[in-house]
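Data first, discussion second: the structure below is written as structure tokens.
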Amino acid sequence: MSRQKINGSSSRSRHHILPKSRGGGNEKANIKITTKKQHLAYNTLFGSNALPEEAVMILIEEWFYKEPNLRNKKLYELTMKLAKLTTKYVEDQKEE
């Protein structure tokens with residue numbers, strides 16, 4: 001986990017959207033500034049190698065999709081579309 005002082009504040013952390021271990025770099029489009037607590041929570045819940053869409057899948061499978069119904073199915077479909085768009089955006093930014 002990368003914990004660095006951002007703008008002189010040690011309460012902020014740099015989170016790599018696409019983990020460095022999976023080919024992510026330090027370009028601005030791949031960095032999300034979070035609090036240290038948020039960064040630790042993300043890595044604790046999803047591991048330090050989870051992509052955004054994988055984190056979404058974990059949440060859906062563990063919290064929303066235990067008892068399938070129409071509402072959960074629609075939420076699942078919309079969330080997956082959002083996760084795929086997020087990943088595509090990050091990949092497109094890396095190519096620029």
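The values are calculated or read from the model by the stated rules, or taken from the named source; none is laboratory data. Quantities reported herein were computed from a predicted structural model and do not represent experimental measurements. Please note: Cβ atoms are built from the backbone with ideal geometry, for glycine as well, and neighbour counts cover all protein chains shown. Please note that ligands, DNA and RNA were not included when accessible areas were found on the heavy atoms of the full protein model with its side chains. Shrake-Rupley method; radii C 1.70, N 1.55, O 1.52, S 1.80 Å.
Give me the residue from the range 27-42 that is within 11 Å of residue 90 (Cα to Cα) and part of a helix (DSSP H, G or I) and, out of that set, nearest to the chain's Cα centre (by Cα).
30
Find all pairs meeting these conditions: Cβ atoms under 6 angstrom apart; at least six residues apart or on different chains; first residue within the range 39-65 and more than 20 Å from residue 81 (Cβ to Cβ); second residue open to solvent by less than 40 Å² (accessible area, probe 1.4 Å).
Hits for this filter: 39/13; 39/15; 49/19.
Could you check how many residues of the range 86-96 are open to solvent by 100 Å² or more (accessible area, probe 1.4 Å), assigned to a helix (DSSP H, G or I) and modelled with pLDDT under 70?
Matching residues across the range 86-96 total 1.
Within the range 43-58, how many residues are in a helix (DSSP H, G or I) and touching a helix residue (DSSP H, G or I) at 6+ places or on another chain (Cβ under 8 Å)?
Within the range 43-58, the subset in a helix (DSSP H, G or I) is 43-46, 52-58.
Narrowing the set further to residues that are touching a helix residue (DSSP H, G or I) at 6+ places or on another chain (Cβ under 8 Å) leaves 45-46, 52-58.
Within the range 43-58, residues that are in a helix (DSSP H, G or I) and touching a helix residue (DSSP H, G or I) at 6+ places or on another chain (Cβ under 8 Å) number 9.
Out of the range 1-43, which residues are at pLDDT 85 or above and open to solvent by 70 Å² or more (accessible area, probe 1.4 Å)?
Those that are at pLDDT 85 or above and open to solvent by 70 Å² or more (accessible area, probe 1.4 Å): 12, 20, 21, 22, 26, 28, 32, 33, 37, 38, 40.
Specify the residue that is modelled with the highest pLDDT; the eligible residues are those in the range 63-85 that are aromatic (Phe, Trp, Tyr) and surrounded by 10 or more Cβ atoms within 10 Å (Cβ to Cβ). Spell out how you get there, then give the answer.
Here is the first cut: in the range 63-85, the ones aromatic (Phe, Trp, Tyr) are 63-65, 76.
Subset that is surrounded by 10 or more Cβ atoms within 10 Å (Cβ to Cβ): 64-65, 76.
Details: 64: 66, 65: 59, 76: 73.
By that ranking, first place goes to 76.
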